[in-house]
Amino acid sequence: MTQKTADYFKPYDERLRAGKFQYDGQYVYAMTYDPLLINRRFVPAIEFPKYRYQRMLYPLLAHALSFGRPRLYPLTLFLINIFAYGAGCFIVWQMVKLNGWTPVLILGYLCNTGLLFSVFGTLTEPLALTFSLWGIYLWQKNEKTKASIVFAASILARETFLIIPVTVILWDFCDSQLDVKKMLSYISMALIPFLLWYVYVSFRLPREDTFQTLPWMPHSIGVSRFSLPFIAMWQETLYGIRQIATTGTVIKLSLSISVMTTACMIISAVGFFRNRDFWSSLAFSQGVFTTMLRGDLWTFHAGSARVVIPFTFFTMAWLANELKNEQLTEQSVR
């Protein structure tokens, strides 16, 4: 965290040391002091608090499990992510058994670069992904009400993960497995807790702009966070390489993630339109969503690695499912 943030929290935890850069983990730490916005004393230490307070579940859990003791916050935040990482691995293992996939998918989950960075950086993605995977597993086992409740938790951990339950529920509706009434009820269970929380945050923080100014658009405060696929993604990647990246390694990391995302998006799109099924729809919807995001996340390889976490996993899950189907087809021919 920055020197300013470290000084701000020094009276509460004298062990804090300033680093060279600010990053999202320091804002999660700041939110842990007041996750429900009761006194709003720590809001000045958070960049774009209205935007960041949408992700309340992680700091709220850390605050509760630490019994409100600031000295325990750093350790508790870290342990929650370690637990989420392990729990996610267990869920993937269960999904592999349920779907008859290759166990290599477990290794793919464990070695997800963005996920590992998020675990050790006390960021919100591990908890959100674990709840999302749990929800999908329950949905596949036809425990749809439980799945919708778990999906609601994933959205409260990180709002961008709402695309996952929406895709899952709409796929079953389009596949004639749900009628309109059930579809709306499940979507409501997944989304209403977040919507209520967003209203509460808006009430507690009424005058805060949630959008950043893009570096090449100096008058763009309040612009949409989305664009046509690939356009803003590559604008920001090239801007980061030219203006921000300081070493060849950083340039290679930033460029490789954008290239990988582009390749996976093309592959998932071809796969979806050739054979529409549950897993191809998840990979394709995540791909479209990922490449439409704008902001400064593509400027830094750490940000772009984090944003493609679910896209990377669902692409691997879809490929594992395709491999299983091919093996079954070969066995039936024999």
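Of all the residues that make up the stretch 92-118, how many are part of a helix (DSSP H, G or I), surrounded by fewer than 22 Cβ atoms within 10 Å (Cβ to Cβ) and not polar (S, T, N, Q)? Within the stretch 92-118, residues that are part of a helix (DSSP H, G or I), surrounded by fewer than 22 Cβ atoms within 10 Å (Cβ to Cβ) and not polar (S, T, N, Q) number 13.
When Phe273, Phe311 are checked against the criterion of being surrounded by 15 or more Cβ atoms within 10 Å (Cβ to Cβ), modelled with pLDDT of 80 or more and not in a loop (DSSP other than H, G, I, E, B), Phe311 stands alone in meeting it.
The set of residues in the stretch 135-158 that are part of a helix (DSSP H, G or I) and of a type outside the set (A, V, I, L, M) comprises Gly135, Tyr137, Trp139, Gln140, Lys144, Thr145, Lys146, Ser148, Phe151, Ser154.
Would you confirm whether any residue within the stretch 191-212 is touching a Phe, Trp or Tyr at 6+ places or on another chain (Cβ under 6 Å), under 25 Å from Trp318 (Cβ atoms) and at pLDDT 95 or above?
No, the conditions are met nowhere in the stretch 191-212.
In the stretch 251-272, how many are within 17 Å of Gln286 (Cβ to Cβ) and among the hydroxyl-bearing types (Ser, Thr, Tyr)?
Here the count works out to 4.
Could you say whether any residue in the stretch 49-61 is of a type in the set (D, E, K, R), in contact (Cβ under 8 Å) with a residue 60 or more places away in the chain, part of a loop (DSSP other than H, G, I, E, B) and exposed (fewer than 15 other Cβ atoms within 10 Å of the Cβ)? Scanning the stretch 49-61 turns up no residue that is of a type in the set (D, E, K, R), in contact (Cβ under 8 Å) with a residue 60 or more places away in the chain, part of a loop (DSSP other than H, G, I, E, B) and exposed (fewer than 15 other Cβ atoms within 10 Å of the Cβ). Could you go through the stretch 125-146 and let me know if any residue there is touching a Lys or Arg at 6+ places or on another chain (Cβ under 9 Å), over 20 Å from Gly303 (Cα atoms), free of Cβ contacts under 8 Å to residues at least 24 places away in the same chain and crowded, with 18+ Cβ neighbours inside 10 Å. Yes, the stretch 125-146 contains at least one residue that is touching a Lys or Arg at 6+ places or on another chain (Cβ under 9 Å), over 20 Å from Gly303 (Cα atoms), free of Cβ contacts under 8 Å to residues at least 24 places away in the same chain and crowded, with 18+ Cβ neighbours inside 10 Å.
The values are calculated or read from the model by the stated rules, or taken from the named source; none is laboratory data. All of these numbers come straight from a predicted model, not from anything done at the bench. Cβ coordinates were reconstructed from backbone atoms using ideal geometry, including for glycine residues, and neighbour counts include every protein chain displayed.
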